[in-house]
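J.: Structure below; questions to follow.
The values are calculated or read from the model by the stated rules, or taken from the named source; none is laboratory data. Note that the coordinates shown come from a computational prediction; the quantities given were computed from them, not determined experimentally. So basically every Cβ, Gly included, is an ideal-geometry build from the backbone, and we count neighbours across all protein chains shown. Heads up: the accessible areas ignore ligands, DNA and RNA and are worked out on the full protein's heavy atoms, side chains in. Shrake-Rupley method; radii C 1.70, N 1.55, O 1.52, S 1.80 Å.
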Amino acid sequence: MIKFWNKRLKLGLLTENIELEDEIKELEKEIKDRVKKSFAGSLAIRMVDSGSCNACEAECNALSNPYYNLERLGIYFVASPRHADVMLLSGLMSFNMTPHVKDAYLQIPEPKWVITLGDCPAMQAPFDKTYAINAPANNYLKITHHISGCPPTPLEIMRGFLEFLRKI
Amino acid sequence: MRFIARYAKELHNSFEIVTIYDEKVERELISKENPKIKTLAKRYPSAIWFERKISDDLGIKIEDAFDKRPLVHQERFPRDIHPLRKDFKQIQIQESDYLPYKYEEVGGDSVFQVAVGPIHAGIIEPGHFQFSQAGEEILHLEVRHFYKNRAIEKMLEGKTLLEAKPIIERISANESIAYQICYADIYLQATKQKLPLSLKKYHALLLEIERITHHLTDLGFIANDAGFAAALSFGSKLAEDARRQMQKLTKHRFGFSAVDFKNRDIDTDSIMQWLKSLKKDIDFFEDWIVDIPSLWDRFDTTGVLSLKKALKYSCVGVVARASGMAVDRRIESFYLEHGFVMASELSGDVGARFKIRIQEIKNSIVMIDNFLQKSVEALELNQLNDGEYHSFCESSIGELFMAIDIKDGLIDRFFVRDPSFINWQALHLMMRSDIIADFPLINKSCDLSYAGNDL
Ligand code: SF4
């Protein structure tokens with residue numbers, strides 16, 4: 001473990017804001033106020049994959065790596081829809097997932113919002129409609145905000161969350 | 001003989017059943033009147049999903065199978081629809097009445113069932129796991145998938161190869177490069193051309209970066225599932241570095257549309273620098289992680305897949321190599337000449353799969369170094385010829401098999417067998433002596449694709 005702590009001290013903090021830095025700074029107060037008022041200080045997100053290629057999930061996982069470290073903004077991914085404020089929906093709303101997505105949405109306590117992630121749920125990814133695809137998702141759920149991209153990069157997802165917070 | 005895949009296609013007057021082994025391909029024609037096949041599952045247990053899928057897709061009965069339940073078609077799927085039949089053209093179907101799925105369940109005094117999924121606790125793809133439990137101990141697990149089914153095979157029918165490309169590279173993003181390599185290989189078989197060495201190197205370079213990214217992510221998540229979060233920070237940092245290399249090389253973090261027939265003028269110095277620091281980091285990681293006894297207490301002897309069972313279930317990839325099976329599509333002269341050494345472990349447990357990933361990252365670093373070159377060679381493509389083409393590629397998960405039939409310049413049948421489709425069927429064998437709390441750890445140590453499995 002000594003080796004690890006040595007390395008840890010040498011490495012320092014990796015979190016970077018890059019282009020978002022100024023934007024985040026500007027928005028920080030606004031976000032904090034909004035998150036505080038609407039979400040008691042923390043915005044809880046339940047991610048649901050309704051038939052993705054798994055890149056959109058990988059980019060959401062990347063949000064927790066030391067470079068992006070999303071939780072510092074008070075935004076968390078939670079394990080159950082019952083703990084969530086927002087459903088983050090990726091994928092093509094496959095025929096087999098549609099009832100489960102609707103179910104998960106029902107389990108989220110009011111007030112609740114849906115953000116769609118990536119081109120898939122908007123039926124804008126390069127897939128054709130088949131019998132097994134029910135996208136676009138707005139036929140089934142009221143979508144508050146859409147984050148486009150195939151997949152959206154972690155930075156684009158962060159920016160998307162900020163835009164969502166501005167909207168509500 | 002190793003079983004690889006079994007699939008069916010509709011011909012004019014009959015159905016053709018194609019069975020792929022490592023040593024041969026078998027074809028059987030069956031009549032369209034009351035179509036039925038005999039199961040191979042008695043000899044090759046993992047044939048059963050292929051056969052259940054054939055049954056859903058085309059309405060072909062499996063005469064003597066012990067398991068005739070639908071596979072892809074779930075509780076609300078309209079009965080008597082077989083979407084891979086050529087006369088099925090609907091692009092919207094209505095939910096029918098709910099017909100419960102009969103899970104494999106172990107009964108008995110105080111034995112109970114635990115249903116997990118399809119939506120899981122983490123940021124992870126959907127699938128269902130049904131456990132029969134005696135207290136904490138797992139008696140049986142049934143893996144049930146196809147929640148993500150998008151009907152990729154049907155979607156690609158009638159398209160040109162060029163139109164199919166953006167879809168094929170998005171079947172399973174964590175193996176996108178491997179899918180693209182199979183596609184490119186099939187393309188060149190159809191134009192009767194060979195891939196020049198410089199392009200082969202470029203494709204292989206991307207494939208090894210994809211593998212490194214995938215393995216690094218897993219090294220973090222596997223340890224995290226055993227409660228060791230520091231490894232996740234470390235692994236995910238290195239994985240992000242690798243993804244940024246992919247972005248630099250291909251202008252896309254997952255390398256979508258990166259595999260084509262022209263070389264890029266790549267910045268070899270910056271890649272070499274990255275390789276050097278990655279080598280240092282992975283050595284440090286290994287040195288550090290093997291020293292943490294509480295972690296290996298969880299890894300060792302957990303989720304064991306014996307060699308005998310791995311062989312019986314025709315396993316592939318990291319899972320197979322961790323159980324002592326010598327399967328890797330890179331055992332061929334091109335890779336061997338560029339420094340490929342097959343990773344191998346014998347214990348078949350979570351620890352073995354973890355160590356395989358470390359070995360493979362180190363070997364990929366050596367190979368990438370050998371693949372680096374300055375070349376801008378490009379290949380002019382000839383006319384496509386109709387025909388049936390097969391291709392293999394060793395993705396980060398394992399052996400990928402793709403088959404495309406081209407008729408009148410268009411795709412007549414597209415079939416792909418993701419390595420996960422085989423390995424998922426062996427997952428339940430790893431649970432025999434473990435408790436339910438070990439499941440996430442065991443599952444993550446295999447890190448299979450749901451999207452590639454479900455299509
Ligand atoms: S939007 Fe693109 S990256 Fe995201 S799941 Fe769909 S195909 Fe994959």
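J.: Apply the a/c threshold of 1.5 to the C-alpha gyration tensor of the range B:334-449 and tell me whether it is rounded, prolate or oblate.
T.: Oblate.
J.: Something else now. At what distance in angstrom do the alpha carbon centres of the range B:309-388 and the range B:397-455 lie from each other?
T.: Centre-to-centre (Cα) distance: 16 Å.
J.: Just for the Cα atoms in the range B:134-289, what are the lengths along the principal axes, largest first, rounded to whole Å?
T.: Answer, in whole Å and largest first: 56, 47, 22 Å.
J.: So how much accessible surface do A and B hide from each other in total, probe 1.4 Å, in square angstrom to the nearest 100? Intermediate results must be reported in sequence, preceding the final value.
T.: Numbers: alone 9760 and 19690 Å², together 24800 Å².
So the total buried area for this chain pair works out to about 4600 Å².
J.: What's the carbon and sulfur percent of chain B's accessible surface, probe 1.4 angstrom, rounded to a whole number?
T.: 52
J.: Give, ordered by residue number, each residue of the range B:154-200 whose 1.4 Å probe accessible area is reduced by a minimum of 40 Å² on adding the remaining protein chains to the chain alone.
T.: Correct list: B:155, B:170.
J.: Right, here's the next one. So what is the calculated 222 nm ellipticity per residue for chain B, using -39500 (n - 2.57) for each DSSP H run with n of 4 or more, over all residues, to the nearest 500 deg cm²/dmol? Write down the numbers at each step before the final one.
T.: Working: 15 runs with 176 residues, N = 455.
Rounded to the nearest 500, it is -12000 deg cm²/dmol.
J.: Find how many whole Å separate the alpha carbon centroid of the range B:1-65 from the alpha carbon centroid of the range B:132-151.
T.: Cα centres, the range B:132-151 to the range B:1-65: 25 Å.
J.: Here is a further query. Please report the carbon-and-sulfur percent of the accessible area for chain A; probe 1.4 Å, protein heavy atoms only, DNA, RNA and ligands left out. Mind showing how you got there, number by number?
T.: Numbers: 3810 of 7380 Å².
On chain A, the fraction of accessible area on carbon and sulfur atoms equals 52 percent.
J.: Please check the range A:52-68 for residues whose accessible area, probe 1.4 Å, is lower by 40 Å² or more when all protein chains are in place than in their chain alone.
T.: Correct list: A:53, A:54, A:59, A:61, A:65, A:66, A:67.
J.: Determine, from the Cβ-Cβ distance of residue B:121 and residue B:22 and an R0 of 30 Å, the FRET efficiency 1/(1 + (r/R0)^6), rounded to the nearest 0.05. Could you put the intermediate results ahead of the total?
T.: Values: r = 38 Å, r/R0 = 1.27.
Computed FRET efficiency for residue B:121 and residue B:22: 0.20.
J.: Rounded to the nearest 5, what is the percent of antiparallel bridges among the DSSP beta bridges in the protein assembly as shown? Let's see the in-between values first.
T.: Working: 44 of 61 bridges.
Counting only bridges with both partners in the protein assembly as shown, antiparallel ones make up about 70 percent.
J.: Let's test this: bin the Cα-Cα distances of the range B:367-420 at 5 Å from zero up to the farthest pair and state each bin's percent.
T.: 4, 15, 14, 14, 17, 18, 13, 4, 0
J.: So if I restrict to the alpha-carbon atoms in the range B:309-381, what is the Rg, and what is Dmax, the biggest pairwise distance, in Å?
T.: 15.2, 48
J.: Mind checking the per residue accessible area of chain A for me, 1.4 Å probe, whole number of Å²?
T.: Working: 7380 Å² over 168 residues.
Heavy-atom SASA per residue in chain A reads 44 Å².
J.: Give me the distance in nm between label points sitting 7 Å out from Cα along the Cα-to-Cβ direction at residue B:112 and residue B:61, one decimal.
T.: 4.1
J.: Let me ask something else about it. Using only the Cα atoms of chain A, what are the Rg and Dmax in Å?
T.: That works out to 17.1, 57 Å for Rg and Dmax.
J.: Another question, if that's okay. In deg cm²/dmol and to the nearest 500, what is the mean residue ellipticity at 222 nm of chain A if only DSSP H runs of at least 4 residues count, each as -39500 (n - 2.57), divided by the residue total? Could you put the intermediate results ahead of the total?
T.: Details: 5 runs with 62 residues, N = 168.
Rounded to the nearest 500, it is -11500 deg cm²/dmol.
J.: What size of dipole, in debye to the nearest 20, comes out for the protein assembly as shown about its Cα centre when the only charges are +1 on Lys and Arg C-beta atoms and -1 on Asp and Glu C-beta atoms? Before the final figure, lay out each step's value.
T.: Working: 81 positive and 89 negative charges, 49 e Å.
In debye, rounded to 20, the protein assembly as shown gives about 240.
J.: Rounded to two decimals, what is Rg over Rh for the range A:46-91 when you use alpha-carbon atoms and the Kirkwood radius?
T.: Using only Cα positions, Rg/Rh for the range A:46-91 is 0.97.
J.: Also, I was wondering about something else. What percentages, rounded to whole numbers, describe P(r) for the range B:267-361 computed over all alpha carbon pairs with 5 Å bin width beginning at zero?
T.: Taking all Cα pairs of the range B:267-361, the binned fractions are 3, 13, 17, 18, 18, 15, 9, 5, 2, 0 percent.
J.: How fast does the range B:4-44 diffuse by Stokes-Einstein, in µm²/s, taking the Kirkwood radius from C-alpha pairs at 20 °C and 1.002 mPa s?
T.: Numbers: Rh = 11.0 Å.
It comes out at roughly 195 µm²/s.
J.: Now for a separate question. Based on the alpha-carbon gyration tensor of the range B:57-190 and its eigenvalue square roots a ≥ b ≥ c, which shape applies: rounded if a/c is under 1.5, prolate if not and a/b is larger than b/c, or oblate? List each step's numbers first, then the result.
T.: Working: a/c = 2.35, a/b = 1.61, b/c = 1.46.
Prolate.
J.: Any idea of residue B:42's accessible area? Nearest 10 Å², probe 1.4 Å.
T.: 140
J.: If you don't mind, another one. Show me, for the range B:285-295, the HN-Hα J-couplings you get by feeding each phi into the Karplus relation (A = 6.51, B = -1.76, C = 1.60, θ = phi - 60°), rounded to Hz, glycine and proline as x.
T.: Couplings: 4, 5, 4, 6, 6, 5, 8, 10, x, 5, 6 Hz.
J.: Evaluated at 20 °C with a viscosity of 1.002 mPa s, what Stokes-Einstein diffusion coefficient in µm²/s does the range A:85-168 have when Rh comes from the Kirkwood expression over alpha-carbon pairs? Don't jump to the answer; show the numbers that get you there.
T.: Values: Rh = 13.1 Å.
Estimated diffusion coefficient is 164 µm²/s.
J.: Can you compute the radius of gyration and Dmax for the protein assembly as shown, using only the Cα atoms, both in Å?
T.: Rg and Dmax of the protein assembly as shown, Cα atoms, are 23.8, 73 Å.
J.: Give me the 1.4 Å probe accessible area per residue for the range B:1-99, excluding ligands and nucleic acids, in Å².
T.: Working: 5040 Å² over 99 residues.
Accessible area per residue, the range B:1-99: 51 Å².
J.: Something else about it: Can you report the principal axis dimensions of chain B using only the alpha carbons, biggest first, rounded to whole angstrom?
T.: 64, 63, 39
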